[in-house]
Each structure stands twice: as structure tokens, then as C-alpha cells.
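Step one of this worksheet: look at the structure below.
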Amino acid sequence: MLFLMQFLHKVQQTMEILDLLHRRRSNKKFGEIAPSAEQVENMIKAALRAPDHGKMKPYHFVVIEKSGMSKLRECLAAAAVEFNMDEKNAAKADKLSSQAPMVIGIVAKIDHESPKVPAWEQIVSAGCATYAMQLAANAQGFETVWISKKWVDGTLLRETFGCRVGDKVIGLLLVGSPKEDEGISLAREAEATEGFVSVIR
Ligand SMILES: Cc1cc2nc3c(=O)[nH]c(=O)nc-3n(C[C@H](O)[C@H](O)[C@H](O)COP(=O)(O)O)c2cc1C
């Protein structure tokens, strides 16, 4: 009986996990609540279990919230000037630091000299880590969106994130509570897989 109950509990958990994987979506609108330190820790733990050739953990995360947002704003404003952005993009850069209660900067810390793991594999690992963070945030009831754009290459932003010469800022992950009371928004249904798969048997 105990075994059956444990089995049924596992099946239910699997269904919940699959439902999130199948219907996850991004959202650019956020409420005011940021994940707690414990919830952020859960996200980072998920990131650190991303597939990682050579166990290089080729990434670093910069968690920005509260008064840290003014530094982010300064970095993005500097990037808008540095890259001569038009008014529309400069305004977007300015809005970003007030769009969500938390932003996590993701830096791919690339070892360009690695004889075994090329740079592209390290960047993919950092991308997987970012996606794992998104899912862990969703699983804890938070909305996310992954933003990049030219401003991730801004000199002041790179300096602030502690980038070395060959590193690459691959994204700014906006995270926060859902705007609506109903919880995070999910896609209505899973994607149709037709046309994306071929099988060799
Ligand atoms: C590396 C990367 C960079 C992205 N940069 C941007 C961006 O700068 N602006 C943007 O609107 N969406 C960007 N996206 C896409 C969004 O994160 C999101 O996936 C997209 O809006 C589609 O929504 P969905 O995740 O619900 O399918 C980026 C995605 C990735 C993987």
C-alpha cells in the first residue's frame, strides 16, 4: 500500500513537471514581489545542475534588486549612449530597470583556451543554466523573461558584472511575482511537434 501511494505521488509530480515544461511561457509584466533569498538559492541550484561538458560551470550570476536597480539603470543608460541607440531603444533601456523587482545578469565565463570544450559548448551550458533558472522561478510561482539586446555588451555593464575580456553577458533575466492574482501565465496548450522531429529506427 505504501509503495502504491509513493508511486501515485511520483506520477502526480511527473505530470506537474511535464505540464510546466509543456506550457511554460515568458511574461514581460510583473507584480512587485521578488523571490526571497531562499527562492533565489533554489533557482541557482537548478542552474548549477545544467548539462556541463567538462564540469566547467562556465557562468556567473549577478542578482540585482532594490537599490541595485539604480546601478543597472546607470549601466543601461551608458550602453544606450555607447551604442548610439535611437530614442525608442534608449527608452526601453531606461524602462528595463523598473520593469521587474529582480534582474539576474548571466555571464558566460568562457575559457577560450580549453582543449576539450569549445566556447560554443560553454555558452550553450550557460544558456541551459539560464533556462533552468527560469523553470525554477516558474515552479516557485514567479514570472520571468530573458532579455539580451545590444546593451548586454555595454562597457559599464560588463565592468559591473565582473566580466573578463573573453566573457559574454548572455542575458538579463527579469523575475517577479505575477501581475494578476491567478498565478503565472502558462500557454493554453503544449506546442504541436509535427515537422520538428525525424526518427531513425
Ligand atoms: C538568448 C536570448 C535572448 C533574448 N533576448 C530577447 C530580447 O532582447 N528581447 C525580447 O523581447 N526577447 C528576447 N528573448 C526572447 C524572450 O526571452 C522570450 O523567449 C520570447 O519573448 C518568446 O516568449 P516565450 O518564451 O513565451 O516563447 C531572448 C531569448 C533568448 C534565448
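A short reminder: the numbers here are calculations on the coordinates, not readings from a lab. It should be emphasised that the depicted structure is a prediction, and the values quoted were computed from it without experimental measurement. Every residue, glycine among them, receives a Cβ derived from its backbone with ideal geometry; neighbour counts consider all protein chains shown.
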(message) Would you confirm, using the coordinates I've provided, whether ALA132 is of a type outside the set (S, T, N, Q), surrounded by 19 or more Cβ atoms within 10 Å (Cβ to Cβ) and assigned to a loop (DSSP other than H, G, I, E, B)?
(response) no
(request) Mind listing whichever residues of the stretch 146-179 are part of a loop (DSSP other than H, G, I, E, B) and either closer than 22 Å to SER97 by Cβ or touching a residue at least 24 places away in the same chain (Cβ under 8 Å) (or both)? (result) SER148, LYS149, GLY154, PHE161, GLY162, CYS163, ARG164, GLY166, ASP167, SER177, PRO178, LYS179
(message) Let me confirm something: among GLU159, GLU143, which residue is among the acidic types (Asp, Glu) and within 15 Å of the ligand (Cβ to nearest atom)?
(response) GLU143
(message) Take the conditions more than 15 Å from the chain's Cα centre (by Cα) and within 16 Å of the ligand (Cβ to nearest atom) and apply them to HIS22. Does it pass?
(response) yes
(request) Output the residues belonging to the stretch 112-126 that are surrounded by 17 or more Cβ atoms within 10 Å (Cβ to Cβ) and away from the ligand (no atom under 12 Å from the Cβ). (result) VAL117, GLU121, GLN122, SER125
(request) Run down ALA108, ALA90, ALA137, ALA129 and say which single residue is among the small types (Gly, Ala, Ser), in contact with a helix residue (DSSP H, G or I) (Cβ under 8 Å, 6 or more places away or on another chain) and away from the ligand (no atom under 13 Å from the Cβ). (result) ALA90
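Matching residues to (1) farther than 23 Å from LEU21 by Cβ; (2) not hydroxyl-bearing (Ser, Thr, Tyr):
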{"site": "GLN134", "(1), (2)": "no, yes"}
{"site": "ALA139", "(1), (2)": "no, yes"}
{"site": "GLY154", "(1), (2)": "yes, yes"}
{"site": "THR160", "(1), (2)": "yes, no"}
{"site": "VAL169", "(1), (2)": "yes, yes"}
{"site": "GLU189", "(1), (2)": "no, yes"}
{"site": "GLY195", "(1), (2)": "no, yes"}
{"site": "VAL199", "(1), (2)": "no, yes"}
(message) Among the numbered criteria (1) part of a loop (DSSP other than H, G, I, E, B); (2) of a type in the set (Gly, Ala, Ser); (3) over 23 Å from ALA34 (Cβ atoms), which one does ALA91 miss?
(response) (1)
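Yes/no matrix, rows are residues, columns are (1) touching a Gly at 6+ places or on another chain (Cβ under 8 Å); (2) over 19 Å from VAL63 (Cα atoms):
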position: PRO115; (1), (2): no, yes
position: GLN122; (1), (2): no, yes
position: TYR131; (1), (2): no, no
position: TRP146; (1), (2): yes, no
position: LYS150; (1), (2): no, yes
position: LEU156; (1), (2): no, no
position: ILE170; (1), (2): yes, no
position: LEU174; (1), (2): no, no
position: SER177; (1), (2): yes, no
